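Participant: Structure in structure tokens, see below.
The values are calculated or read from the model by the stated rules, or taken from the named source; none is laboratory data. These figures come from a predicted structure and were not determined experimentally. Please note: Cβ atoms are built from the backbone with ideal geometry, for glycine as well, and neighbour counts cover all protein chains shown. Just so you know, the surface numbers come from the protein's heavy atoms only, side chains and all, with ligands and any DNA or RNA stripped out. Shrake-Rupley method; radii C 1.70, N 1.55, O 1.52, S 1.80 Å.
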Amino acid sequence: MRFINPKTDYAFKKIFGSAQSKNILISFLNALVYDGNPTIQDLEIINPNLPPQLEGLKDTYLDVKAQLNDGTFVIVEMQVLNVQSFGKRVLFNAAKTYAFQLQRGQGYRYLKPVIALTLTDFEMFPGQNQLISRFVYREKSEGWHYPENEMELVFVELPKFTKELNELETLTDKWIYFMKYARSLTSIPENMDDIAELNQAFEIANQAGLTLEELEDLERREMFIYDQQGAIALGLEQGLEQGRKQGIEQGIEQGIEQGIEQGIEQGKLDVARNLLGQLNDEAIAQATGLSLEAIATLRQDMTHN
């Protein structure tokens with residue numbers, strides 16, 4: 001038995017955002033947002049795409065979007081690549097979801113809270129030990145909550161989860177372990193077998209239930225992710241090496257800093273080149289942090305070569 005990688009966008013949506021996923025998503029959100037407590041009793045999975053409602057505003061593409069039985073909206077995103085300004089994108093998605101609930105003529109009293117749950121396959125907050133971080137509005141000097149505290153950002157950093165299979169205790173542990181390691185498992189672990197929703201998730205993730213076309217598409221997506229991670233890592237490595245060389249001549253601290261910046265920029269360009277045949281310019285800009293002008297130049301250079 002082999003399972004698809006739940007960290008890829010296709011698999012994540014298939015497991016948590018399809019028609020048969022309601023109970024799975026309820027358990028998953030209770031585990032990651034509500035510390036394993038059965039807070040959510042019901043929800044409705046809705047179209048996760050947020051088309052622009054004002055001219056010039058960006059489209060927004062989420063992995064999963066749901067409205068809870070108390071009216072709260074939850075938007076869920078799994079992010080594998082650490083792209084520039086990703087934190088701003090999370091905030092933008094949450095703010096847009098909150099702002100565009102209202103129809104013309106409706107009062108602000110109709111606004112419902114928004115929770116943005118983001119899982120990252122990289123350290124979003126280096127130097128911080130928390131596996132799950134939660135951000136809300138607080139008074140800056142004394143820390144008390146803003147009265148209408150209706151936007152919450154929740155981050156789960158998968159690299160910070162270090163528990164082994166035999167150490168899993170809570171519902172939260174088991175769902176995070178599923179997200180991080182399902183791709184490498186060959187059967188459902190015994191200490192996770194008692195949770196019906198996890199069993200359902202494993203069943204959906206079972207490769208035996210997929211068509212050959214779906215499997216090939218998944219493999220292409222995984223290879224693409226690995227290629228981009230490699231390109232970014234190579235760009236950083238080259239930048240460090242260049243920085244060391246420049247440091248000998250120009251001063252170690254200044255040279256390494258400049259080399260790192262150049263290497264990261266080169267990594268972004270490499271990623272963008274790989275995306276030219278798959279995404280439009282705006283999507284590439286959002287993924288890499290490059291300007292539309294830089295991407296247009298890359299596309300022009302590729303055409304001429």
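Participant: Pop out the carbon and sulfur fraction of the accessible area of region 67-183 as a percent, whole number, probe 1.4 Å. List each step's numbers first, then the result.
Facilitator: Working: 3170 of 6430 Å².
Carbon with sulfur: 49 percent of the solvent-accessible area.
Participant: Hey, can you rank 139-148, 9-18 by average C-beta count inside 10 Å, highest first? Let's see the in-between values first.
Facilitator: Values: 139-148: 8.0, 9-18: 19.8.
Going from most to least packed, we get 9-18, 139-148.
Participant: Per-residue HN-Hα couplings for region 193-199, Karplus 6.51 cos²θ - 1.76 cosθ + 1.60 at θ = phi - 60°, whole Hz, x for Gly and Pro?
Facilitator: Here the 3J(HN,Hα) series is 6, 8, 10, 4, 5, 5, 4 Hz.
Participant: Work out how far the C-alpha atoms of region 68-168 reach from end to end along every principal axis, then list the three figures in whole Å, largest first.
Facilitator: Projected onto the principal axes, the Cα atoms of region 68-168 cover 52, 32, 31 Å.
Participant: Now for a different question. First obtain the Kirkwood hydrodynamic radius of region 147-214 from its Cα pairs, then insert it into the Stokes-Einstein equation at 4 °C and 1.567 mPa s, and state the resulting D in µm² per second as a whole number.
Facilitator: Reported coefficient: 93 µm²/s.
Participant: Ignoring everything but the protein chains, give the 1.4 Å probe accessible area of Leu111 in square angstrom, nearest 10.
Facilitator: So the heavy atoms of Leu111 present about 30 Å² to solvent.
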